[in-house]
Amino acid sequence: MAYTDIDKPSDYFNTVLYTGNGSSGHSITGVGFQPDMTWIKIRNQAYDHALQDSVRGATKDLEPNQTSAEDTRSMLTAFASDGFTLGSDSQSNSNSNTFVAWNWKAGTSFTNDASSTGIGTIDSAGSVNQDAGFSICSYTGTGSAGTIKHGLNAVPSVVIVKPRNSSSEGWSMYHKGIASDAETDNIRLDEANAAFDNAGYWNDTAPTSTVFSIGTDSATNGTTNNIAYCFAEKKGYSKFGSYTGNGNADGTFVYTGFKPAWVMIKRTDSGGNWNIMDNKRIGYNPDNNEIRVHESSGEQTSDTLDILSNGFKMRSASGSFNESGGSYIYMAFASNPFTTSTGVPATAR
């Protein structure tokens, strides 16, 4: 039995840290591949998040903590073979400030004319990496319930949608780990609120290996341009699940089957912060400082979890991480599989 689908996770996901210089043309290297999605956040100041992808175009910015419509900005001006190039915008390159950039690789273009192929009911186009279980899909909503090809050739565990031209509709997430009913429940990436029941988002229908479903709500199916980020689990590389808090600083352990490089956590049965931890900022247990997705605030300094060779363990009883009986979802990507395909084990930090 294979231990992992991917021996070198950093070929598909990697975090880089950099210091801004305020000048256009600032080249950031060390990613290890040409990214197709880059998510940037200033660490030491309160600025909005910035997310760019190769399907919409490098200069097209969306802000995960805001409902703002897509804007053309000089934040990230080009994707490069080992990273990306920055413009002079202070949100991504202010002089002497520190930044984190999370990077994912897709890379294979696809288009789908639904009426011709019989796959889905709404046309889509994008970029996909089936090995890593990641795709970026662009589509125009119809207002009527429909299905959209995602390109993964695997069932997505997470789908995140943002209407590109809307300044009122936020970031909708389908996550298989939402305890009540993942197909009818939606959770907003740009809000601290709990998950809520509304079949209008995902049409009360689970994704399949070819399509994901959308209902009639304008947050996922308005008659405008929409962008979807889809993730399927890959053994030893990615895991998207749930856990129940125990309210103890010697907290819940979550098994992923790999040493995480990146973890995002959200409580679903009550309000609570969206929190991202990674293996590059600070970089040792228990100082895995969180960045809050739904806020513009800088990096936090609380000690909340340990990153282990085969998962992560809560070190806080905070309501946003580990309240007794609380329901939580997470997304995690690997720095190393617990054991490689040739039997080499990962080590703890």
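The values are calculated or read from the model by the stated rules, or taken from the named source; none is laboratory data. On a predicted model such as this, the values are computed, not experimentally measured, just so you know. Cβ placement follows ideal geometry from the backbone for every residue including glycine, while neighbour counts extend to all protein chains displayed.
Given the residues D181, D185, which is the only one that is of a type in the set (D, E, K, R) and closer than 14 Å to A219 by Cα?
Working: D181 fails: closer than 14 Å to A219 by Cα.
Of the residues listed, the single one that is of a type in the set (D, E, K, R) and closer than 14 Å to A219 by Cα is D185.
Would a scan of the stretch 175-183 turn up a residue that is outside any loop (DSSP other than H, G, I, E, B), in contact with a helix residue (DSSP H, G or I) (Cβ under 8 Å, 6 or more places away or on another chain), in contact (Cβ under 8 Å) with a residue 60 or more places away in the chain and buried (at least 21 other Cβ atoms within 10 Å of the Cβ)? Please lay out each step first, then the result.
Initially, the stretch 175-183 is screened for residues outside any loop (DSSP other than H, G, I, E, B), giving 175.
Now drop any that are not in contact with a helix residue (DSSP H, G or I) (Cβ under 8 Å, 6 or more places away or on another chain), which leaves none.
Among the residues of the stretch 175-183, not one is outside any loop (DSSP other than H, G, I, E, B), in contact with a helix residue (DSSP H, G or I) (Cβ under 8 Å, 6 or more places away or on another chain), in contact (Cβ under 8 Å) with a residue 60 or more places away in the chain and buried (at least 21 other Cβ atoms within 10 Å of the Cβ), which makes the answer no.
Considering only the stretch 1-34, state which residues are in contact with a Ser or Thr (Cβ under 9 Å, 6 or more places away or on another chain) and among the acidic types (D, E).
Passing the criteria: D5, D7.
Grab the strands (runs of 3 or more DSSP E) fully contained in the stretch 235-324, keeping just those with 1 or more residues being modelled with pLDDT of 95 or more, of a type outside the set (D, E, K, R) and surrounded by fewer than 19 Cβ atoms within 10 Å (Cβ to Cβ). I'd like the intermediate steps shown before the answer.
Working: elements: 238-244, 253-255, 258-267, 275-278, 305-308, 311-314.
Counting at least 1 such residues, we get 238-244, 253-255.
Quick check: anything in the stretch 54-74 in contact with a helix residue (DSSP H, G or I) (Cβ under 7 Å, 6 or more places away or on another chain), in a strand (DSSP E or B) and free of Cβ contacts under 8 Å to residues at least 60 places away in the same chain?
Our first condition is that a residue be in contact with a helix residue (DSSP H, G or I) (Cβ under 7 Å, 6 or more places away or on another chain); within the stretch 54-74, this holds for none.
No, every residue in the stretch 54-74 fails to be in contact with a helix residue (DSSP H, G or I) (Cβ under 7 Å, 6 or more places away or on another chain), in a strand (DSSP E or B) and free of Cβ contacts under 8 Å to residues at least 60 places away in the same chain.
Within the stretch 196-209, is there a residue that is outside any helix (DSSP H, G or I), buried (at least 16 other Cβ atoms within 10 Å of the Cβ) and in contact (Cβ under 8 Å) with a residue 60 or more places away in the chain?
No, every residue in the stretch 196-209 fails to be outside any helix (DSSP H, G or I), buried (at least 16 other Cβ atoms within 10 Å of the Cβ) and in contact (Cβ under 8 Å) with a residue 60 or more places away in the chain.
If you take just the strands (runs of 3 or more DSSP E) that sit entirely in the stretch 111-163, which of them hold at least 3 residues that are within 23 Å of K8 (Cβ to Cβ) and touching a residue at least 60 places away in the same chain (Cβ under 8 Å)? Break it down into steps so the answer makes sense when it comes.
Numbers: elements: 124-129, 134-140, 146-149, 158-163.
Where strands (runs of 3 or more DSSP E) fall fully within the stretch 111-163 and carry at least 3 residues being within 23 Å of K8 (Cβ to Cβ) and touching a residue at least 60 places away in the same chain (Cβ under 8 Å), they are 134-140.
Listed here are the residues, each with its yes/no results for (1) of a type outside the set (G, A, S); (2) farther than 30 Å from T140 by Cβ; (3) in a loop (DSSP other than H, G, I, E, B); (4) not assigned by TED's automatic domain parsing to the domain that holds H150.
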| position | (1), (2), (3), (4) |
| --- | --- |
| G22 | no, yes, yes, yes |
| I28 | yes, yes, no, yes |
| Q34 | yes, no, yes, yes |
| K41 | yes, no, no, yes |
